[in-house]
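Bear in mind that the values in this text are calculations on the coordinates, not laboratory data. Since this is a predicted model, take the numbers as computed values, not measurements. Methodologically, a virtual Cβ is constructed for each residue, glycine included, from the backbone with ideal geometry; neighbour enumeration extends over all protein chains shown.
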Amino acid sequence: MTGLRLGPLLRYVDDSSATVWIETSRPCAAEVRCADGSGGTARTFQIAGHHYALVEVTGLTPGTTTPYEVFLDRTRVWPPAEDEAFASLPPSVIATPGAEADAGVRVAFGSCRWASPPAGEPDPVGPDALHGLAARIAADPGGERPDVLLLLGDQVYADEVSDATRAYLAARRGLEDPPGDQVADYEEYTHLYYESWLDPLVRWLLSTVPTCMVFDDHDVIDDWNTSASWVADMRATSWWGERVHSGLMSYWVYQHLGNLSPRELEADPLYASVREHPDGTDVLRAFAAKAEADAASVRWSYRRDFGRVRLLMVDTRAARVLAEGERAMLDPSEAAWLREQALDERGAYDHLLIGTSLPWLLPHLVHDVEGWSSVLTRGDKGPRWARFGEWLRRAADLEHWAAFPESFGELAEVIAEAGTGPDAPATVCVLSGDVHHAYVAEPSWGAEGRGRGSGGRRGRVRGSGGRRGRVRGPDARVVQLTCSPVHNSIPLSIRLGFRFGWSAVARGLGRVFARHGRSGRPPVKWRRTGGPWFGNQLMTLTMRGRSSVLRLEHAHTAKRPAPGTGAGQPGPGPEVRLRRVTETELSG
């Protein structure tokens, strides 16, 4: 009998269709059947001995919530009938958006999630925020739930594995040779995804809440693509090629495919080729090798529109230009794509969300040190300073937008242009994670205008034709919303470092570095207007019409409800819940 190894994951959803991703134990015909008669089928495709299907579900009714089941070769495998962990959980559903023009959109987001330990084992990093979200939805299936969950990087940790995974690696190949207790190949990546997504609560949550995903460094390795010399050093090792190719292959299978709409999937030649071959491993491996060698050969970024909300998920890892003197966070094609998507039919959306795993606006000290390091490493102050700058860049993880000053300014220009004029959206929100704390920061363009860094300001920005001029700053309210981790450690050094990094003293210290590097002032000013908050957490944006409300919630443990009082978290131990920390109106 064919088994369901992983999934189902509900990925893309619009008003009449959806995609459901699964992994099976062997080749088969996969089918999704919905309670209203809609559904879809697909044959599995094979990668490195593993079998996958992405089932397109059609015929859904707008504005409905429809339970569904999964069948493999006509045998029902989801929901699992004999698994007690799922007995208390409601059916998995596909909720389609309504046709009403003022229908609201709720977007939850966060990043950096270690897999939760098996039920009953202590959790060394505290409660998982995805457990809290799942428990709340399960307890009240008809209540509030996100329309989409954005996972903004570090969905798996290829370089920081659990004790259980370390034991698996040791039993499979030993740990004496590089990369030691880190993931080495595609098979070991599949183990990471099993560990992370087989957790019963998380598995059920991902089956019933649509997800959009993008990678960050730990999906491959810490500080992935920090600099040209970093890449050269990695390529000189015996193990890097297999690691990075396997990381990109597994990302394409487990994360990227589900980001695409059915129309995009139909037009994707790689997807067609993989499905046409009895074994698509070589096809996918060749694609991954080309993608690693030439960033411009593939686009991992994508756009999703949710009613009057536009989401642009931006690849800030694989799309970089790393040659000193030419460094850019996005290669020219990627940068042009971002501008084009942000400016396309601006009147068609009320809110613009730019998802980038790395924050655009950082604590001022961190920003200035990253800019200083980029000047040193470029060689402006001689070879000794250049060597020091590269050492510092790697040692202190100085590879955010601020470490690519031209790209930092170009993103500011795109935001200002998209947020200005009669068709401007109410808000432009940059959604990020990575830095293991949460905060809100707001930029301002120039010294004039209204408060809170929005509307009425004038700044130096580049127009769509590339010429600079004095134009009005954004009328939209612009905010940097950073939220991490979902489930990870938060060392005391991070708490102390980022609290200090936002302080006035640190800001003054940052100016010292900026003056030494003669890096000039950034094109925008900004200030922190919320946080820093530390803990396992999720942010949620609720947007209806021109209004937008931001909520931050922390995961915490609570006593399990008495039997018979309602659905809750399966398994022994305390129940995880989300507790509201703050709620703020961004626009009214």
Practice task
Average the reciprocal distances over every distinct pair of alpha-carbons in the range 205-331, invert the result, and give the Kirkwood radius in Å.
Solution key: 16.0 Å
Problem - the chain - Rg (one decimal) and Dmax (whole number), Cα, Å - result: 23.4, 71
Problem - Per-selection Rg to Rh, the range 126-221 - Cα, Kirkwood hydrodynamic radius - result: 1.05
Exercise for the section: Calculate, axis by axis, the spread of Cα positions in the range 18-146 along the three principal axes, and write the results as whole Å, longest axis first. Expected result: 46, 40, 28
Completion exercise
Computed over the chain: longest principal axis from alpha-carbon atoms vs helix 186-197 long axis, angle to nearest 10 degrees, is 80 degrees
Completion exercise
Expected vector for the range 474-480, Karplus 3J(HN,Hα) from phi with 6.51, -1.76, 1.60 and θ = phi - 60°, integer Hz, x for Gly and Pro, equals x, 7, 5, 7, 10, 9, 9
Fill in the blank from the handout: The helix 163-173 Cα axis meets the longest alpha-carbon principal axis of the chain at an angle in degrees, between 0 and 90 and rounded to 10, of 80 degrees
Handout entry: Phi to ³J(HN,Hα) by Karplus 6.51 cos²θ - 1.76 cosθ + 1.60 over the range 299-312, Hz, x for Gly, Pro
Key = 10, 8, 5, 7, 10, 9, 10, 10, x, 9, 10, 10, 10, 10
Handout entry: the chain - share of DSSP beta bridges that are antiparallel (%, nearest 5)
Key = 75 percent
Problem - Degrees separating the helix 492-501 axis from the principal Cα axis of the chain, which is the longest one - result: 40 degrees
Problem - Selection from 116, 66, 151 lying farthest towards where the dipole of the range 59-160 points positive, charges on Cβ - result: 66
Fill in the blank from the handout: Given the candidates 587, 512, 427, the one whose Cα lies deepest towards the positive end of the charge dipole of the chain, counting +1 at each Lys or Arg C-beta and -1 at each Asp or Glu C-beta, is 512
Handout entry: Point-charge dipole on Cβ atoms (K/R +1, D/E -1) for the chain, about Cα centre, debye to 20
Key = 2640 debye
Fill in the blank from the handout: Between residue 51 and residues 5 or more places away or on another chain, the pairs with built amide H atoms under 5 Å apart involve 24
Problem - Residue-wise HN-Hα coupling along the range 244-249, computed from phi with Karplus coefficients 6.51, -1.76, 1.60 (Hz; x: Gly, Pro) - result: 5, 5, 5, x, 6, 4
